[in-house]
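Working notes, beginning with the structure itself.
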Amino acid sequence: MAAPTQHLMNLTRRTLSAAALLTLAPLCHAQDVQLPAQTTTWSSGTNTISATNSITASGPANAPLTINGTAQITFIAGAQINLEPGFTATADPANTGTTFHALITPPVPITFQSNPSGCSIQVDGAAYTTPVTIQFLPGTHIVDASIAQSAPSGTRYNFLSWSDNGTAAHTVIVSTAATLAANFTTQYYLTTAASPPAGGTVVPPSGWYNPGAAVAIGVTPNNGYLFSGFSGSLSGATTPQSLTMTAPASVTAAFLPDFTISTATGMATVPAGSTSPIAVNVTGPAGSPMTVAFDAPGLPAGFTASFSPASLTFTGSGSTTMSVTAPAGSGGYRIVSARGAVVSGPSHSTGINLAVQDFIVTPSPATLPTTRM
């Protein structure tokens, strides 16, 4: 019948596989060592005994032995005690001639991997980067993949699962060599922005997306602005556009200040062969300076127009004077246009109904006779 097993430091019972009998000092295979007449102490520090080991008494029954300061009062010959690293075993000097063995079990290698590789895990509170192989004492150990992960800028890794279906932090029982993998999902960050911020909004807002996600990106200009195009991971002025997330991405929507152009009444009168001024007003977004150049495209034959100033820089609103000259004999009605344009930006026109006078009605005689009744 097998001798009972005593445990050191409340350790969980372990099955010692592939065990080999080694003596404590010196550590030689299959040899016994008798205690000398004086007290003898063995420890993992002085005898270089590996992490998992035990000692077995094979001498007289009830041979006293002290393990880490605790006396084993009824330590029976042939009984076994499991020891952790840092143990100290001291024999009672009154029991010389007792023979002891050191029984050492090889540590168990556990390989940790991750998908993607290079993620951080904790094992029994110590940090490691995968892949890594750790030598374990048989028994229970705690693995944890819930810790924050280091990732390239714009990329993050979220814990998904362990290959043993355990939670992010859970206990594993180590008995034989094994491989354990932590799986993470990868996400990429999409940054969206409006330039200038007052120009409009970009949808969707910045956020995290799974690889392969198709994101529809669109814009809404604010009053007084025009959308001019995308830059960054998208280009062109088509909106919305679709962006497939295969890496961190950044999209900026550019907006230009817009303006309106008008006259006070939309009508003007000019004598044939003469010039008349027409006030032309422009209005843009408050707080956004802009410069508008003016011209008058498509004038009727013989008509000319000039602007003063020909180019106007303003914030919010401004005005210029359009001088229209009608040739002699061109009486009647005409429609002319005043156009304003921003360099590399929007242009707008306003139509003016122009009445050209080619005669003047004057009463003749100038003074009518008066007849008394």
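The values are calculated or read from the model by the stated rules, or taken from the named source; none is laboratory data. As the structure is a prediction and not an experimental result, all values here were calculated from the model. As a convention, Cβ positions derive from the backbone with ideal geometry for all residues, glycine included, and neighbour counts pool all protein chains shown.
Can you tell me which residue among Ser262, Ser233 is hydroxyl-bearing (Ser, Thr, Tyr) and under 33 Å from the mean Cα position of the chain (by Cα)? Being hydroxyl-bearing (Ser, Thr, Tyr) and under 33 Å from the mean Cα position of the chain (by Cα) holds for just one of Ser262, Ser233, which is Ser233. The residue of region 192-231 that is farthest from Ala247 (Cα to Cα), among those that are hydroxyl-bearing (Ser, Thr, Tyr), surrounded by 16 or more Cβ atoms within 10 Å (Cβ to Cβ) and touching a residue at least 60 places away in the same chain (Cβ under 8 Å), is Tyr225. Within region 109-125, the set of residues being more than 25 Å from Pro138 (Cβ to Cβ) and not hydroxyl-bearing (Ser, Thr, Tyr) comprises Asn115, Pro116, Gly118, Cys119.
Among the conditions (1) modelled with pLDDT of 95 or more; (2) crowded, with 16+ Cβ neighbours inside 10 Å, Val174 misses just one, which is (1).
Output yes when any residue across region 244-264 is surrounded by fewer than 14 Cβ atoms within 10 Å (Cβ to Cβ), closer than 30 Å to Thr185 by Cα and among the hydroxyl-bearing types (Ser, Thr, Tyr), and no when none is.
First, the residues of region 244-264 that are surrounded by fewer than 14 Cβ atoms within 10 Å (Cβ to Cβ): 244, 246-247, 260, 264.
Pick out the ones that are also closer than 30 Å to Thr185 by Cα and you get 244, 246-247.
Still in the running and among the hydroxyl-bearing types (Ser, Thr, Tyr): 244, 246.
Yes, there is a match, as at least one residue in region 244-264 is surrounded by fewer than 14 Cβ atoms within 10 Å (Cβ to Cβ), closer than 30 Å to Thr185 by Cα and among the hydroxyl-bearing types (Ser, Thr, Tyr).
Just for region 342-373: of the residues that are small (Gly, Ala, Ser) and within 60 Å of the chain's Cα centre (by Cα), which one is modelled with the lowest pLDDT? Talk me through it step by step, then tell me what you get.
Quick first cut of region 342-373, residues small (Gly, Ala, Ser) only: 344-345, 347, 349, 351, 355, 364, 366.
Subset that is within 60 Å of the chain's Cα centre (by Cα): 344-345, 347, 349, 351.
Details: Ser344: 78, Gly345: 83, Ser347: 91, Ser349: 94, Gly351: 92.
Looking at the filtered set, the residue picked out is Ser344.
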